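Worksheet for the structure shown next.
The values are calculated or read from the model by the stated rules, or taken from the named source; none is laboratory data. None of these values were measured; they are calculated from a predicted model. Ligands, DNA and RNA are stripped out before the accessible areas are found, and what is left, the full protein with its side chains, is counted by its heavy atoms. Shrake-Rupley method; radii C 1.70, N 1.55, O 1.52, S 1.80 Å.
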Amino acid sequence: MNIKESMEQIVNAESRALLSIPYTENYDKAVELIVEHVHRRGGKLVTSGMGKAGQIAMNIATTFSSTGIPAVNLHPSEAQHGDLGVLQPDDVMLLISNSGKTREILDLVMLTRNLYPAIPMIVITGNPDSELSRITDLTLPTGGAPEVCPLGLTPTTSTTVMTVIGDILVVNVMRATGFSREEYAKRHHGGYLGHKSRTGHE
């Protein structure tokens, strides 16, 4: 197989995975939880994941922050060494684990419950029947498509799907809060996006 054929195979496989993301009413509930806790109550969104999923969680947090929803990323291991103190009662958590078995994330759930039992927790996972789904509030399943990695191991397809689910949440929260270009400009003072948001020009 040459590079062109491999590229077509990978793009087709990941496109099918995206089109297979299952909709459930938990998407509506997740958007409402974020709007209620962050936009109305003044809390923040706290994202977390381990490894590659943690990098997706960080990206989701920064995207939310730039669109009017204050968000931070909490490393699940560092949480056990004091960083759990970033949590406040009106926060909402977004946890990412493809397997739903990531020990550090499971531990983070229990630590959070001990500190603030009422903090709602949303999970993005490829395993909706996992322990993580059972002990949290809302599950957003990825559909569990196989990785395009030839070993079937390296997070590839799963991280693509996780990123898009994050985008689904961001865009729908923006719509729900009526986030405007003017508000966007206030958060982007530099660079191309800052210029475009303030002037409307390329």
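Key figures
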quantity: Residue-normalised accessible area of region 1-106, expressed per residue, 1.4 Å probe, Å²; calculated: 52
quantity: Accessible area of region 22-151 belonging to carbon and sulfur atoms, whole % at 1.4 Å probe; calculated: 52
quantity: Region 132-187 versus region 57-112: alpha-carbon centroid distance in Å; calculated: 14
quantity: Cross-link partners of Lys186 among lysines (Cα-Cα below 24 Å; sequence separation of 8 or more within a chain); calculated: Lys44, Lys196
quantity: Kyte-Doolittle at least 1.0, axis length at least 27 Å by Cα - qualifying DSSP helices, the chain; calculated: 157-177
quantity: Length-normalised contact order of the chain in % [C-alpha pairs under 8 Å, at least 6 apart]; calculated: 22
